[in-house]
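What follows is a set of notes on a single structure, which appears directly below.
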Amino acid sequence: MVEQRPFKALVASSSLARPKLSMAWVYILRGARRYYIGATENLERRMAEHKRGNNHTTLRFGGEIQLVATRELASMAEARNLELALKRKKNPRLAISFLQSLK
């Protein structure tokens, strides 16, 4: 005979009770010499990393970094797809106008 266990109700902290909402961002930065297109799940943290110069792409900016355009998306997969589409444009100004037109 199969033992039957009592039903366990979902607890508020349970991952099944509330799906994790994972928002993502696509952003465009402008430095003195170049533009940067990126995607992240935490825009504040990523901007702080860029300003500290923690990655090699930021070191090539040459001076002050300015956030030019952003777009919030539902998932990181969507953000990566949009990031790649913007990078394919090859012209940062076209990418900026395209990203701003999506809002």
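What order do you get for 26-32, 39-45, 94-100 when each peptide is scored by the mean count of other beta carbon atoms within 10 Å, highest first?
26-32, 94-100, 39-45
Return the sequence-ordered ³J(HN,Hα) values of the range 60-69 in whole Hz as given by the Karplus equation 6.51 cos²θ - 1.76 cosθ + 1.60 applied to θ = phi - 60°, using x for Gly and Pro.
7, 5, x, x, 5, 9, 10, 7, 9, 8
Stretch E78-E44 to full length: gain in nm at 0.36 nm per residue minus the Cα-Cα span?
Gain on extension, E78 to E44, equals 10.3 nm.
Sort 73-86, 55-68 by packing, meaning the average of other beta carbons within 10 Å per residue, with the highest value first.
73-86, 55-68
Would you pull out the residues with amide H under 5 Å of S75's amide H, same chain only if 5 or more places away, H placed 1.01 Å from N?
It is A24, by chain and number.
Mind checking which aspartates and glutamates have their Cα closer than 18 Å to the Cα of K51? Skip sequence neighbours fewer than 8 apart in that chain.
Candidates past the 8-residue exclusion: E41, E64.
Quick note: the coordinates plus some simple rules give every number you see, no bench work behind them. Model, not experiment: these values are computed from the prediction. No Cβ is skipped: glycine too gets one built from the backbone with ideal geometry, and neighbour counts run over all protein chains shown.
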